[in-house]
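See below for the structure under consideration.
Nothing in this text is a laboratory measurement; each read-out follows from the coordinates by a stated rule. Here the structure is a predicted model, which means the values were calculated and not measured. FYI the Cβ positions are ideal-geometry reconstructions off the backbone, even for glycines, and counts take in every protein chain you see.
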Amino acid sequence: MPSIIEYISKLPPNEKKIASRIHELVCGMLPGATEKFTYGVPHYYGSSRICFLWPSSVSGGKIKEGAVFGFCRGNLMANEEGLLKPLDKTNISMIHYSSVKDINEPVLRGLLAEAIMIDERVSLTDHLKKGIKKNKK
């Protein structure tokens, strides 16, 4: 599998602009993130999957242009701006960007910060649960 930068470089021009900007923002907010391809698209991990980028040219997506940026635990996010759209009966919520001009960077940074906090909270909760189970034995 190519690196995410190589992957983005091969996207159609509009998708490449959107994906490049989102990738830069994510890497700035999650400098230690693990980057993996899952379902053929880039995912960014902290303790677990936090978010992903799904360009419209990749099969399996539900959009015809631009790209989707999704949050793997979007169902736990406040979504005060109403930008996040839930994906069917999953925990995922997404934002569709038709062009790079649609990206409101301060809002997206806020959403990323919230997603990172949720990931850290879930990781801590899981860790504490494991400790409680060990102590009961």
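Assuming a ≥ b ≥ c are the square roots of the Cα gyration tensor eigenvalues, decide whether the stretch 1-98 counts as rounded (a/c under 1.5), prolate (otherwise, with a/b larger than b/c) or oblate. Write down the numbers at each step before the final one.
Values: a/c = 1.57, a/b = 1.19, b/c = 1.32.
Oblate, because a/c is 1.5 or more while a/b does not exceed b/c.
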Next item on the list: Using a 10 angstrom cutoff on alpha carbons, build the Gaussian network for the chain and name the most mobile of N104, N79, N14.
Entry: N104
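Can you list the trypsin sites (Lys or Arg not before Pro) in the stretch 1-96 that are in a DSSP coil and have 14 or fewer other beta carbons within 10 angstrom? Intermediate values should be presented prior to the final figure.
Working: sites: K10, K16, K17, R21, K36, R49, K62, K64, R73, K89; in loops: K10, K62, K64, R73, K89.
The qualifying sites are K10, K62, K64, K89.
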